[in-house]
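Below you'll find the structure, written out as C-alpha coordinates, and then a few comments.
The values are calculated or read from the model by the stated rules, or taken from the named source; none is laboratory data. Predicted, not measured: the structure shown is a model, and the values here were computed from it. So basically every Cβ, Gly included, is an ideal-geometry build from the backbone, and we count neighbours across all protein chains shown.
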Amino acid sequence: MTRRDIPNLITLLRIFLVPPFLYSLLNGYYLTALALFFVAGASDGLDGFLAKRYDWGSRFGSILDPIADKLLMVAAFLTLTWMGRIPLWLTIVVLGRDVLIVAGAVAYHFWIGQYQLAPASLSKFNTMAQIVLVLAVIISAANGSPPLGGLVTQWLIYLTFATTVVSGIHYTGLWGRRAIMARRAMSSTDQ
(Lines give C-alpha, C1' and ligand atoms only; values in the text may rest on other atoms or scores of the structure.)
Protein backbone atom coordinates (compact mmCIF):
# COMPACT_ATOMS: atom_id res chain seq x y z
CA MET A 1 0.00 0.00 0.00
CA THR A 2 1.24 3.45 -0.94
CA ARG A 3 0.11 7.03 -0.43
CA ARG A 4 -1.56 6.87 -3.84
CA ASP A 5 -4.02 4.39 -2.31
CA ILE A 6 -5.27 6.83 0.35
CA PRO A 7 -8.10 8.31 -1.76
CA ASN A 8 -9.39 4.81 -2.59
CA LEU A 9 -9.22 3.77 1.07
CA ILE A 10 -11.24 6.85 2.03
CA THR A 11 -13.77 5.94 -0.67
CA LEU A 12 -14.01 2.41 0.75
CA LEU A 13 -14.63 3.92 4.19
CA ARG A 14 -17.56 5.81 2.69
CA ILE A 15 -19.00 2.53 1.43
CA PHE A 16 -18.60 0.97 4.89
CA LEU A 17 -20.49 3.91 6.43
CA VAL A 18 -23.67 3.07 4.48
CA PRO A 19 -24.90 0.19 6.73
CA PRO A 20 -24.53 2.10 10.03
CA PHE A 21 -26.12 5.15 8.38
CA LEU A 22 -29.13 3.07 7.33
CA TYR A 23 -29.34 1.36 10.72
CA SER A 24 -29.37 4.74 12.46
CA LEU A 25 -31.97 6.13 10.10
CA LEU A 26 -34.30 3.15 10.39
CA ASN A 27 -34.07 3.09 14.17
CA GLY A 28 -34.76 6.78 14.63
CA TYR A 29 -31.22 7.78 15.60
CA TYR A 30 -31.46 10.79 13.34
CA LEU A 31 -28.56 12.77 14.79
CA THR A 32 -26.27 9.75 14.38
CA ALA A 33 -27.56 9.26 10.82
CA LEU A 34 -26.95 12.94 10.14
CA ALA A 35 -23.40 12.72 11.51
CA LEU A 36 -22.64 9.60 9.44
CA PHE A 37 -24.06 11.22 6.31
CA PHE A 38 -21.95 14.31 6.98
CA VAL A 39 -18.78 12.22 7.49
CA ALA A 40 -19.50 10.34 4.26
CA GLY A 41 -19.94 13.64 2.42
CA ALA A 42 -16.76 15.09 3.90
CA SER A 43 -14.86 11.94 2.94
CA ASP A 44 -16.03 12.41 -0.64
CA GLY A 45 -14.55 15.89 -0.68
CA LEU A 46 -11.34 14.71 0.99
CA ASP A 47 -10.64 11.82 -1.36
CA GLY A 48 -11.26 14.05 -4.38
CA PHE A 49 -8.98 16.75 -2.99
CA LEU A 50 -6.15 14.29 -2.31
CA ALA A 51 -6.49 12.63 -5.70
CA LYS A 52 -6.29 15.96 -7.52
CA ARG A 53 -3.83 17.80 -5.27
CA TYR A 54 -1.22 15.04 -5.13
CA ASP A 55 -2.04 13.38 -8.46
CA TRP A 56 -3.13 10.22 -6.64
CA GLY A 57 -6.03 9.59 -8.99
CA SER A 58 -6.52 6.22 -10.64
CA ARG A 59 -8.89 4.55 -13.08
CA PHE A 60 -10.08 2.34 -10.20
CA GLY A 61 -10.74 5.42 -8.08
CA SER A 62 -12.60 7.17 -10.91
CA ILE A 63 -14.98 4.19 -11.00
CA LEU A 64 -15.15 3.46 -7.25
CA ASP A 65 -15.87 7.05 -6.18
CA PRO A 66 -19.15 7.50 -8.09
CA ILE A 67 -20.21 3.98 -7.04
CA ALA A 68 -19.69 4.93 -3.39
CA ASP A 69 -21.57 8.20 -3.90
CA LYS A 70 -24.49 6.47 -5.62
CA LEU A 71 -24.62 3.69 -3.05
CA LEU A 72 -25.03 6.24 -0.26
CA MET A 73 -27.58 8.35 -2.13
CA VAL A 74 -29.63 5.43 -3.43
CA ALA A 75 -29.69 3.87 0.04
CA ALA A 76 -30.74 7.20 1.56
CA PHE A 77 -33.48 7.82 -1.02
CA LEU A 78 -34.88 4.28 -0.83
CA THR A 79 -34.88 4.28 2.97
CA LEU A 80 -36.39 7.75 3.32
CA THR A 81 -39.03 6.82 0.74
CA TRP A 82 -39.83 3.63 2.64
CA MET A 83 -40.14 5.75 5.79
CA GLY A 84 -42.59 8.06 3.96
CA ARG A 85 -40.28 11.07 4.08
CA ILE A 86 -39.43 11.36 0.36
CA PRO A 87 -42.17 10.79 -2.22
CA LEU A 88 -41.97 7.57 -4.23
CA TRP A 89 -42.30 9.41 -7.55
CA LEU A 90 -39.14 11.42 -6.83
CA THR A 91 -37.16 8.34 -5.91
CA ILE A 92 -38.30 6.65 -9.13
CA VAL A 93 -37.11 9.66 -11.15
CA VAL A 94 -33.76 9.81 -9.29
CA LEU A 95 -33.14 6.07 -9.70
CA GLY A 96 -34.38 6.14 -13.30
CA ARG A 97 -31.83 8.81 -14.19
CA ASP A 98 -29.04 6.80 -12.58
CA VAL A 99 -30.09 3.61 -14.37
CA LEU A 100 -30.23 5.52 -17.67
CA ILE A 101 -26.72 6.92 -17.14
CA VAL A 102 -25.24 3.55 -16.12
CA ALA A 103 -26.93 1.78 -19.04
CA GLY A 104 -25.61 4.45 -21.40
CA ALA A 105 -22.09 4.14 -19.97
CA VAL A 106 -22.13 0.35 -20.31
CA ALA A 107 -23.44 0.57 -23.88
CA TYR A 108 -20.82 3.19 -24.77
CA HIS A 109 -18.07 1.02 -23.29
CA PHE A 110 -19.07 -2.08 -25.27
CA TRP A 111 -20.04 -0.43 -28.57
CA ILE A 112 -17.58 2.45 -28.74
CA GLY A 113 -14.77 1.95 -26.24
CA GLN A 114 -13.33 3.20 -23.02
CA TYR A 115 -14.32 6.64 -21.77
CA GLN A 116 -13.25 8.96 -19.00
CA LEU A 117 -15.79 9.53 -16.25
CA ALA A 118 -16.21 13.25 -15.73
CA PRO A 119 -19.38 14.62 -14.11
CA ALA A 120 -20.88 17.69 -15.75
CA SER A 121 -21.48 20.85 -13.71
CA LEU A 122 -25.22 20.29 -14.01
CA SER A 123 -24.80 16.80 -12.57
CA LYS A 124 -22.80 18.20 -9.66
CA PHE A 125 -25.60 20.68 -8.97
CA ASN A 126 -28.11 17.82 -9.09
CA THR A 127 -26.02 15.82 -6.61
CA MET A 128 -25.86 18.85 -4.33
CA ALA A 129 -29.66 19.24 -4.51
CA GLN A 130 -30.08 15.57 -3.60
CA ILE A 131 -27.67 15.86 -0.68
CA VAL A 132 -29.35 19.00 0.66
CA LEU A 133 -32.74 17.31 0.36
CA VAL A 134 -31.56 14.24 2.30
CA LEU A 135 -30.02 16.45 4.98
CA ALA A 136 -33.20 18.56 5.25
CA VAL A 137 -35.38 15.46 5.51
CA ILE A 138 -33.20 13.93 8.22
CA ILE A 139 -33.13 17.22 10.15
CA SER A 140 -36.90 17.46 9.75
CA ALA A 141 -37.30 13.92 11.13
CA ALA A 142 -34.95 14.71 14.02
CA ASN A 143 -37.13 17.71 14.89
CA GLY A 144 -40.25 15.53 14.89
CA SER A 145 -41.73 17.16 11.79
CA PRO A 146 -44.37 15.22 9.89
CA PRO A 147 -43.35 13.17 6.83
CA LEU A 148 -42.58 15.28 3.77
CA GLY A 149 -41.86 18.20 6.11
CA GLY A 150 -42.73 21.81 5.46
CA LEU A 151 -42.38 24.34 2.70
CA VAL A 152 -38.57 24.21 2.49
CA THR A 153 -38.61 20.43 2.10
CA GLN A 154 -41.31 20.69 -0.57
CA TRP A 155 -39.22 23.21 -2.54
CA LEU A 156 -36.17 20.97 -2.23
CA ILE A 157 -38.21 18.04 -3.55
CA TYR A 158 -39.20 20.03 -6.64
CA LEU A 159 -35.68 21.42 -7.10
CA THR A 160 -34.26 17.89 -6.92
CA PHE A 161 -36.87 16.69 -9.44
CA ALA A 162 -36.05 19.51 -11.87
CA THR A 163 -32.27 19.11 -11.65
CA THR A 164 -32.58 15.32 -11.96
CA VAL A 165 -34.66 15.54 -15.13
CA VAL A 166 -32.57 18.29 -16.73
CA SER A 167 -29.24 16.60 -15.93
CA GLY A 168 -30.59 13.27 -17.23
CA ILE A 169 -31.58 14.92 -20.51
CA HIS A 170 -28.20 16.66 -20.64
CA TYR A 171 -26.25 13.42 -20.16
CA THR A 172 -28.38 11.58 -22.71
CA GLY A 173 -27.83 14.29 -25.33
CA LEU A 174 -24.13 14.75 -24.60
CA TRP A 175 -23.18 11.08 -24.61
CA GLY A 176 -25.54 10.31 -27.47
CA ARG A 177 -23.75 12.91 -29.63
CA ARG A 178 -20.34 11.59 -28.53
CA ALA A 179 -21.37 8.04 -29.40
CA ILE A 180 -22.62 9.08 -32.85
CA MET A 181 -19.42 11.02 -33.56
CA ALA A 182 -17.25 8.14 -32.35
CA ARG A 183 -19.16 5.61 -34.50
CA ARG A 184 -18.82 7.89 -37.53
CA ALA A 185 -15.10 8.21 -36.89
CA MET A 186 -14.80 4.43 -36.55
CA SER A 187 -16.77 3.93 -39.79
CA SER A 188 -14.61 6.39 -41.73
CA THR A 189 -11.40 4.65 -40.62
CA ASP A 190 -12.81 1.25 -41.66
CA GLN A 191 -13.34 2.43 -45.23
Of 140, 145, the only residue that is free of Cβ contacts under 8 Å to residues at least 12 places away in the same chain, of a type in the set (Ser, Thr, Tyr) and under 30 Å from residue 29 (Cβ atoms) is 145
Matching residues in the stretch 144-175 (part of a helix (DSSP H, G or I) and touching a helix residue (DSSP H, G or I) at 6+ places or on another chain (Cβ under 8 Å)) number 17
Reported set for the stretch 147-184 where residues are surrounded by fewer than 11 Cβ atoms within 10 Å (Cβ to Cβ), of a type outside the set (D, E, K, R) and over 22 Å from the mean Cα position of the chain (by Cα) is 151
Across the stretch 36-66, the tally of residues that are under 28 Å from residue 115 (Cβ atoms) and touching a residue at least 12 places away in the same chain (Cβ under 8 Å) stands at 20
Looking across the stretch 121-137 at residues that are closer than 26 Å to residue 62 by Cβ and free of Cβ contacts under 8 Å to residues at least 24 places away in the same chain, the single one that is surrounded by the fewest Cβ atoms within 10 Å (Cβ to Cβ) is 121
ask   = Residue check: is residue 33 over 20 Å from residue 164 (Cβ atoms) and touching a residue at least 40 places away in the same chain (Cβ under 8 Å)?
value = yes
Return yes or no: is residue 171 at pLDDT below 80, on the phi < 0 side of the Ramachandran plot and not polar (S, T, N, Q)? no
- Kindly establish whether residue 121 is among the hydroxyl-bearing types (Ser, Thr, Tyr) and within 26 Å of residue 40 (Cα to Cα). yes
Selection over the stretch 101-120 where residues are over 13 Å from the mean Cα position of the chain (by Cα) and either part of a helix (DSSP H, G or I) or surrounded by 17 or more Cβ atoms within 10 Å (Cβ to Cβ) (or both) yields a count of 10
Contact list, first residue from the stretch 82-110 and closer than 18 Å to residue 127 by Cβ and β-branched (Val, Ile, Thr), second anywhere and at pLDDT below 90 and in a helix (DSSP H, G or I), beta-carbon distance below 9 Å, six or more apart or interchain, is 101/123; 101/171; 101/172; 101/175
